[in-house]
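The values are calculated or read from the model by the stated rules, or taken from the named source; none is laboratory data. The model shown is predicted, which means the values in this text are computed figures rather than measured ones. Cβ placement follows ideal geometry from the backbone for every residue including glycine, while neighbour counts extend to all protein chains displayed.
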Amino acid sequence: MLRWLVLLLTCVVVSPVGAMTFYTEYNPPMNFKVGGKVSGWATDVVAEMAKRAGVPAEVVLSLWDEGYARAKDQADACIYAAARRPERVKLFQWVGPIGRARYSAFALEGFSQKLSRVDDLKALRVGVVNDARASYLRQREFPNLVIVAQDEDVPRKLTLDAGRADGVDLWVTRTLGAKQIAKEAGVGGIKEVFADIYSQDYWLACNLQVPQETVRALMLALMEMQKDGTLKKLADPTRFLDK
């Protein structure tokens, strides 16, 4: 009997982990495509985690709302880089933090209004993606949010004309990568007008049906990466600036 139990346990340990799908959004330098392949510092981190954990994973770039919904509904899916907000905690299994990012407000070069406090931004129209940053601004009771599906939709909406119906005065996005996104959208003349509105940690959020041993293996891989310095190296966003 003991012999068969040992054999059974051995088979459980060595059985291969099922293939996973990791969803993410376009948001350089965290995640973006180069030559048809998803790249970026957050992508490098989760790819290395999966490699060390022995978890085969396909990375899929999508709109945030679409990827988030699939990660919630698809038994073999995760999404990154996700903020671990209170309303999300029970919806996923969390692996992380995998990195941290800062958010700032940007405007066109000709913007001249002085902004001293976060509350000073409330009188202006703010373009923002419908993710954790929008949730934060709603908590701060921002009344003039213009919600978009993806970050690259905002730069072309930036305007100095307060009467432009479809325009925004400010764009709240990650501090590093904003000018790259604007440039790719055909908008070159932007500037940071309010630095460090807030910052937050980012995580890999996995569907509740992903096996616990898979989540544990990913977490152990991340801990190993932190210990040997790989996490610090890969999570450095400056590696991808101006690329």
Worksheet item: Taking segment 126-141 as the region of interest, how many residues are surrounded by 19 or more Cβ atoms within 10 Å (Cβ to Cβ) and among the basic types (Lys, Arg)?
Response: 1
Discussion item. Looking at the structure I just gave you, is residue 231 in a helix (DSSP H, G or I) and buried (at least 20 other Cβ atoms within 10 Å of the Cβ)?
Written reply: yes
Discussion item. When you scan segment 132-148, do you find a residue that is assigned to a helix (DSSP H, G or I), under 13 Å from residue 173 (Cα atoms) and in contact with a Ser or Thr (Cβ under 9 Å, 6 or more places away or on another chain), even just one?
Written reply: yes
Item to complete: Any residue in segment 167-181 that's assigned by TED's automatic domain parsing to the domain that holds residue 150: show its pairings with residues that are hydrophobic (A, V, I, L, M, F, W, C) and modelled with pLDDT under 95 at Cβ separation under 6 Å, as long as the two are six or more apart or on different chains.
Response: 174/101
Practice prompt. Name the residue, out of 138, 133, that is basic (Lys, Arg), within 22 Å of residue 69 (Cβ to Cβ) and either touching a residue at least 24 places away in the same chain (Cβ under 8 Å) or not assigned by TED's automatic domain parsing to the domain that holds residue 164 (or both).
Written response: 133
Worksheet item: Given the structure, is residue 210 surrounded by 14 or more Cβ atoms within 10 Å (Cβ to Cβ) and closer than 24 Å to residue 145 by Cβ?
Response: no
Worksheet item: If you scan segment 182-203, which residues turn out to be within 24 Å of residue 123 (Cα to Cα) and assigned to a strand (DSSP E or B)?
Response: 190, 191, 192, 193, 194, 195, 196, 197, 198, 199
Fill in: Single residue of 190, 197 found to be closer than 26 Å to residue 68 by Cβ and of a type in the set (Val, Ile, Thr)
197
Discussion item. Suppose we keep only residues that are within 27 Å of the chain's Cα centre (by Cα), of a type outside the set (D, E, K, R) and outside any strand (DSSP E or B) within segment 116-131. Which one would you say is farthest from residue 152 (Cα to Cα)?
Written reply: 118
Practice prompt. Six or more apart or on different chains, Cβ under 7 Å: which pairs go from a residue in segment 80-109 that's in contact (Cβ under 8 Å) with a residue 24 or more places away in the chain and surrounded by 19 or more Cβ atoms within 10 Å (Cβ to Cβ) to one that's charged (D, E, K, R) and part of a loop (DSSP other than H, G, I, E, B)? Could you list them?
Written response: 107/169
Discussion item. With the structure loaded, tell me whether residue 218 is in a helix (DSSP H, G or I), touching a strand residue (DSSP E or B) at 6+ places or on another chain (Cβ under 7 Å), of a type in the set (A, V, I, L, M, F, W, C) and assigned by TED's automatic domain parsing to the domain that holds residue 72 or whether it fails that test.
Written reply: yes
Discussion item. For segment 182-203, check the following and say yes or no: at least one residue is over 21 Å from residue 132 (Cβ atoms), exposed (fewer than 15 other Cβ atoms within 10 Å of the Cβ), assigned by TED's automatic domain parsing to the domain that holds residue 83 and acidic (Asp, Glu).
Written reply: no
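Condition check ((1) among the aliphatic types (A, V, I, L, M); (2) closer than 26 Å to residue 67 by Cα; (3) assigned to a strand (DSSP E or B); (4) at pLDDT 95 or above) across all residues:
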| residue | (1), (2), (3), (4) |
| --- | --- |
| 97 | no, yes, yes, yes |
| 101 | yes, yes, yes, no |
| 110 | no, no, no, yes |
| 156 | no, yes, no, yes |
| 162 | yes, no, no, no |
| 171 | no, yes, yes, yes |
| 180 | no, yes, no, no |
